[in-house]
Amino acid sequence: MRAMRIESPAAADAGPLVLRDVPRPSPAAGEIRLQIRACGVCHTDLHEAEGDLPLPKLPVIPGHQVVGVVDAKGSGATLFREGDRVGVPWLYSTCGECAYCLRGLENLCEQARFTGLHADGGYAEAMIVPEKFAARLPEKFSDLQAAPLLCGGIVGYRAFRLSGIQPGERLGLYGFGASAHIVQQVARHMGCEVYVFTRSEAHRQAAKDLGAAWTGRAEDSPPRPLDAAIIFAPAGRLTLDALRAVRKGGVVALAGITMSPIPQMDYELLYHERVVRSVANATRQDACDFLALAAEIPVRAAFETFRLEDANRALQAVRHSRLRAAAVLTIE
């Protein structure tokens with residue numbers, strides 16, 4: 001089968017993904033194999049390809065927003081039938097026994113494995129996954145529409161929840177792309193006012209089209225204090241901008257898997273019980289809750305498509321902010 005692999009991390013412009021013909025994997029006990037139809041392209045894939053994240057295995061097939069059809073099952077796999085359409089998000093497996101797993105925080109499991117990082121992911125024609133970590137997809141979404149929901153949507157939804165934002169409050173979004181444009185739709189559905197901070201005029205217009213109450217650059221002051229903010233861009237300095245914008249007791253949630261250093265700041269910026277918190281991965285319950293909500297709204301993901309063999313070009317578009325929102329690989 002065809003697959004785009006990371007064999008040695010390199011700058012996106014150097015084309016770190018290599019097209020290879022690799023053996024089609026066979027599912028073990030409790031696993032299913034998917035014939036992949038589409039796979040979303042995530043900033044995390046870019047961080048892997050460029051070496052910003054340590055890679056526990058090489059070569060590795062990235063991709064963790066996978067939409068496919070079950071075409072084989074291992075022994076004991078009973079949750080899905082062959083022909084069922086499912087999605088595979090970032091969380092690939094957990095131990096199920098540690099204190100974090102038992103407390104409903106499996107996203108923090110010490111033995112957690114992640115799709116496209118510890119196990120081969122969706123930049124390929126097929127993949128295997130433990131069936132308990134595959135998600136049933138709402139019929140309302142096409143393959144291409146569903147793919148961006150599986151990371152940008154799910155992890156963005158967890159960031160939205162952990163920000164503590166309430167209906168009718170003011171939410172700031174720093175950086176606007178695959179995740180933020182989905183979270184904005186969730187926030188508007190919940191009756192929140194959304195304030196979008198981005199340097200791109202095209203992204204500011206996209207946010208306005210989705211009903212943003214205000215748009216500006218990160219260094220701009222919003223017309224009213226924010227109740228909470230979510231930072232999607234991997235720039236640590238934005239943390240200070242967001243703290244200046246939120247009210248007393250407000251929360252700044254950091255939604256990225258990696259970020260440049262947060263600059264030194266005066267305590268006064270954090271004082272008055274403002275909170276800065278990170279968001280790490282997501283749980284299977286987050287996936288279930290978000291996908292149900294996304295179908296109810298319904299969320300409409302904006303995306304551009306690329307062929308599997310053009311995955312390097314997709315990563316370059318992510319790297320240089322050339323996308324209006326998300327990128328999706330089509331697997332034929």
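The numbers here are math on the coordinates, done by the rules we state, and not lab data. What you see is a predicted model; the values in this text were computed from it and never measured. Cβ coordinates were reconstructed from backbone atoms using ideal geometry, including for glycine residues, and neighbour counts include every protein chain displayed.
Odds and ends about this structure:
- Cα Rg over Rh - the chain, Kirkwood: 0.97
- Most simply put, the stretch 232-332 has about 0% antiparallel DSSP beta bridges, counting only bridges with both residues inside it.
- In sequence order, calculated HN-Hα J values of the stretch 207-221 (Karplus, 6.51, -1.76, 1.60; Hz; x Gly/Pro): 5, 4, 4, 8, x, 4, 6, 6, 9, x, 8, 4, 7, 6, 9
- Helix 284-296 and the longest principal axis of the Cα set of the chain meet at an angle near 70°.
- The angle between the Cα long axis of helix 152-162 and the longest principal axis of the Cα atoms of the chain comes to about 40 degrees, rounded to the nearest 10.
- Burial order of peptide ranges 101-109, 303-311, 321-329, 122-130 (average beta-carbon count within 10 Å, highest first): 122-130, 321-329, 303-311, 101-109
- Taking every DSSP helix (H) stretch of at least 4 residues in the chain, weighting each as -39,500 (n - 2.57) and dividing the sum by the residue count yields a mean residue ellipticity at 222 nm of -6500 deg cm²/dmol.
- The gain in end-to-end length when the CYS288 to GLU268 segment is fully stretched comes to 3.3 nm, 0.36 nm per residue minus the alpha carbon separation.
- Given in Å, the Rg to one decimal and the Dmax to the nearest whole number for the Cα atoms of the stretch 174-332 are 16.4, 55.
- Within the chain, DSSP assigns beta bridges of which about 55% are antiparallel (rounded to the nearest 5).
- Stretching MET190 away from THR78 to a fully extended chain increases their span by 36.7 nm, per 0.36 nm per residue minus the current alpha-carbon distance.
- Fewest-first sequence of TYR100, TYR92 by Cβ atoms within 10 Å of each Cβ: TYR100, TYR92
- Model label points for GLU139 and ARG217, set 7 angstrom from Cα along the Cα-to-Cβ axis, are 5.0 nm apart.
- Amide H to amide H distances under 5 Å link ARG37 with VAL67, GLY68, VAL69, where only residues 5 or more positions off or on other chains count and H is placed in the peptide plane.
- Peptides 287-294, 132-139 ranked from most to least packed give 287-294, 132-139, packing being the mean of other C-beta atoms within 10 angstrom over each peptide's residues.
- DSSP beta bridge pairing in the stretch 79-211, given as percent antiparallel to the nearest 5: 40 percent
- Between ASP71 and LEU105, the contour length at 0.36 nm per residue exceeds the Cα-Cα span by 9.1 nm.
- As a rough guide to protection, the peptides 47-55, 219-227 ranked by mean Cβ packing within 10 Å, highest first, stand as 47-55, 219-227.
- Crossing angle, helix 180-189 versus the chain [Cα axis fit, 0-90 degrees, rounded to tens]: 70 degrees
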